[in-house]
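To start, the structure itself, in structure tokens.
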Amino acid sequence: MNVPDPGTGDAKAMRLGKGTDRTKLQAALEKCQSWLQAGGQLPDLSDPKKRDQWVEFAQCMREHGVDMPDPAPDGKLTIPTAGVDLGKAEKAREACKDKLPGVRQ
């Protein structure tokens, strides 16, 4: 797949254009998974301690101007992307990263 490198201030985001073939995207993500942070996997939030850490992280992100919801009771994590100022999000993530010990930064 032709995926442009993120530029400065892109908060390490991957942007995909309209019409992206989701099947090809999934295949590419699986093939390149070892290159992604945390192997491209979302955290397992079934552990209450880990969930509490993510709640603190989400609260910190909100305090720094990023509208990030707490993890859902079932452990699902929603990371906002639409309308997010990526520069602000990167600064907030940097300020809040100590809330998630053990997570690759």
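The values are calculated or read from the model by the stated rules, or taken from the named source; none is laboratory data. Predicted, not measured: the structure shown is a model, and the values here were computed from it. Cβ coordinates were reconstructed from backbone atoms using ideal geometry, including for glycine residues, and neighbour counts include every protein chain displayed.
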- Message: Every residue in segment 53-83 that is surrounded by 15 or more Cβ atoms within 10 Å (Cβ to Cβ) and touching a Ser or Thr at 6+ places or on another chain (Cβ under 7 Å), please.
- Response: GLY75
- Query: Restricting the first residue to segment 81-100 and requiring it to be in a loop (DSSP other than H, G, I, E, B), which pairs with a second residue that is surrounded by 15 or more Cβ atoms within 10 Å (Cβ to Cβ) meet a Cβ separation below 6 Å and a spacing of at least six or different chains?
  - Reply: LEU100/GLN53; LEU100/PHE57
- Task: Using the structure shown, decide if GLY40 is small (Gly, Ala, Ser), surrounded by 11 or more Cβ atoms within 10 Å (Cβ to Cβ) and at pLDDT below 75.
- Result: yes
- Task: Looking only at segment 48-76, count how many residues are part of a loop (DSSP other than H, G, I, E, B) and under 18 Å from GLU90 (Cβ atoms).
- Result: 5
